[in-house]
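A.B. asks: Here's a structure for you.
The numbers here are math on the coordinates, done by the rules we state, and not lab data. Bear in mind the structure is a predicted one, so any value in this text is a computation, not a measurement. For neighbour counting, all protein chains shown are included, and Cβ atoms are generated from backbone atoms with ideal geometry for every residue, glycine included.
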Amino acid sequence: MIDLGIGGVFISTQGASREVYEKIYGVKHYDDAMSGIRNLMEYNRSKGEPARIIVRFRNHEKPSQIIRSPDFKKNIQPLPVRTRPLNFTVDYDNWGGTIQPAT
């Protein structure tokens, strides 16, 4: 994507913990997701940061929990601030009542 000259990438994820990722997505690909985010950001940096990469947390956890988590500190925090603006979504619409709580 970076080599194609795109101006920006928006990455949506649940947070920076294996437990929450697997609970929300129902798959065991947390390591793939975290390494993919980290690798994309590192590659973008190696190319002079041509793309703006924004991580959008659609969070089950509080933002303070996410930014204090070991995996956030390992995978996202060390990367340049310009390429890692963060966005946290804590409130959701229920799409006219079509989304129901899990039982």
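A.B. asks: Work out, step by step, the length gained on full extension between Phe88 and Asp3: first 0.36 nm times the residue separation, then minus their alpha carbon distance; give nm to one decimal.
C.D. replies: Net length gain for the segment: 27.8 nm.
A.B. asks: Continuing with this model, one more query. When we measure straight from the Cα of Lys73, which lysines land under 19 angstrom away, once same-chain ones fewer than 8 places off are left out?
C.D. replies: List returned: Lys62.
A.B. asks: Additional query: Under a crude label model (7 Å from the Cα following the beta-carbon direction), how far is Ile24 from Arg68 in nanometres?
C.D. replies: 1.8
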